[in-house]
Amino acid sequence: MPPLDDSAIERILFVTAHPDDLDFGAGGTIAQWSDKGIEISYYVCTNGDQGGVDPSVDRSEMPKIRQQEQRDAGKVLGVSDIHFLNYVDGHLVPTIELRKEIVRAIRKVRPQRMVIQNPERNWERIFSSHPDHMAAAEAAMQAVYPDAGNPFAFEDLLKKEGLEPWTVQEVWVMSPNEVNHVVDITQTMDRKLAAIRSHVSQTAHAPELDDRVREWGTRNAEAQGLGEGKYAETFRVVATA
C-alpha cells in the first residue's frame, strides 16, 4: 500500500531515542514536509547525555547542550515543537511507562503520520542498531497499536487529562531493513547537513561527516533506482488504520 499523499497530512509526530537521530534519518524529508506547511513535532526520549567526545565538557551539562543543539537543528528544518522525555541515555528500554508517555504524545499531537526508528536489529550494519533506537521504536509501535486509539488503555489519560483516543493512520520507519518507500532529498540535502552540523558536540570532531552523509544518500538513491547525482532517504511505511 502506498503512503498517504502529503496533501492529506496535517500533523506528523517523530519519536526517537536521541537528539540528532531524526536529523540523520530523515532531515531532508523533514525539510520538505515543513516547507509544505505540515505541523511537525519531535519527542526525543533521552537527552543524549552519553554523547559527545570532548572530555573537558562537564557531563552534567551534556543534557542541556544536546537539547539546545536539537532546537538549533529544528530551526534549520522549520520545526519548533520539540519535547524531551528525559530518560537516561544508554538505559532506554520499552517499558510500560515509556509507552504511556508516547501514547500521551500521540493523543496531544493527533498526527496522521508518525515517524520512528527501526525496531529490528540490522546484522549487516550493527552500529545502526543502538539498543536505545530499538527500544524507542518498539515502545512507539506499541503506543500506536494497541494503545493510542483505545479508550480503555491508560484510562487516566482520558479521565484525568482529557486526552481523547487517536488512531495514527501510518507509521514511517527510518532506515529500515526492508525498504518500501524512498524520498528524493536532492534539493534539501544541504539543509539536512546543516541540521546535522547543529549538533556540534557530536560532529565538530568529524570534518569528513558531510562526505559520509552524502555517500549514504547517494547509496540510497542508487539502490532505489533514482539515478546518478541524487540523494535519498529510505523508509518502510506501515499502514496502521
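General observations
- Subset of region 10-37 [surrounded by fewer than 20 Cβ atoms within 10 Å (Cβ to Cβ) and assigned to a loop (DSSP other than H, G, I, E, B)]: Glu10, Lys36, Gly37
A quick yes/no check of all residues on (1) farther than 30 Å from Pro165 by Cα; (2) surrounded by 16 or more Cβ atoms within 10 Å (Cβ to Cβ); (3) under 19 Å from the mean Cα position of the chain (by Cα):
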{"site": "Ile196", "(1), (2), (3)": "yes, yes, yes"}
{"site": "His199", "(1), (2), (3)": "yes, yes, yes"}
{"site": "Thr203", "(1), (2), (3)": "yes, yes, yes"}
{"site": "Arg212", "(1), (2), (3)": "yes, no, no"}
{"site": "Leu226", "(1), (2), (3)": "yes, yes, no"}
{"site": "Gly229", "(1), (2), (3)": "yes, no, no"}
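- Residue match in region 177-188 (condition: aliphatic (A, V, I, L, M) and out of contact with any Phe, Trp or Tyr (no Cβ under 8 Å at 6 or more places or on another chain)): no
- Number of positions in region 144-188 that are part of a loop (DSSP other than H, G, I, E, B) and within 20 Å of the chain's Cα centre (by Cα): 11
- Condition check for Ala139: hydrophobic (A, V, I, L, M, F, W, C) and either in contact with a strand residue (DSSP E or B) (Cβ under 7 Å, 6 or more places away or on another chain) or part of a helix (DSSP H, G or I) (or both): yes
- Near pairs, Cβ below 7 angstrom, 6+ apart or cross-chain, from region 4-26 (under 25 Å from Val103 (Cβ atoms)) to any residue that is assigned to a helix (DSSP H, G or I) and modelled with pLDDT under 95: Asp20/Gln202
- Residues that are out of contact with any helix residue (DSSP H, G or I) (no Cβ under 6 Å at 6 or more places or on another chain), buried (at least 18 other Cβ atoms within 10 Å of the Cβ) and closer than 20 Å to Asp35 by Cα do not occur anywhere in region 84-91.
- The residues listed here are Glu61, Glu69; of these, the one that is in contact (Cβ under 8 Å) with a residue 60 or more places away in the chain and either farther than 15 Å from Ala195 by Cα or crowded, with 23+ Cβ neighbours inside 10 Å (or both) is Glu69.
- Selection status of Val79, of a type outside the set (Phe, Trp, Tyr), part of a loop (DSSP other than H, G, I, E, B) and at pLDDT below 95: no
- Flag for Glu120 being touching a residue at least 24 places away in the same chain (Cβ under 8 Å) and of a type in the set (Asp, Glu): yes
- Listed conditions (1) in contact (Cβ under 8 Å) with a residue 60 or more places away in the chain; (2) farther than 30 Å from Pro2 by Cα; (3) surrounded by 19 or more Cβ atoms within 10 Å (Cβ to Cβ) are all met by Val53, apart from (3).
- Top-ranked residue in region 203-241 [being out of contact with any strand residue (DSSP E or B) (no Cβ under 8 Å at 6 or more places or on another chain), part of a loop (DSSP other than H, G, I, E, B) and of a type in the set (D, E, K, R); ranked as modelled with the highest pLDDT]: Glu208
The values are calculated or read from the model by the stated rules, or taken from the named source; none is laboratory data. It should be emphasised that the depicted structure is a prediction, and the values quoted were computed from it without experimental measurement. Don't worry about glycine lacking a Cβ; one is built from the backbone with ideal geometry, like all the others, and counts go over all protein chains shown.
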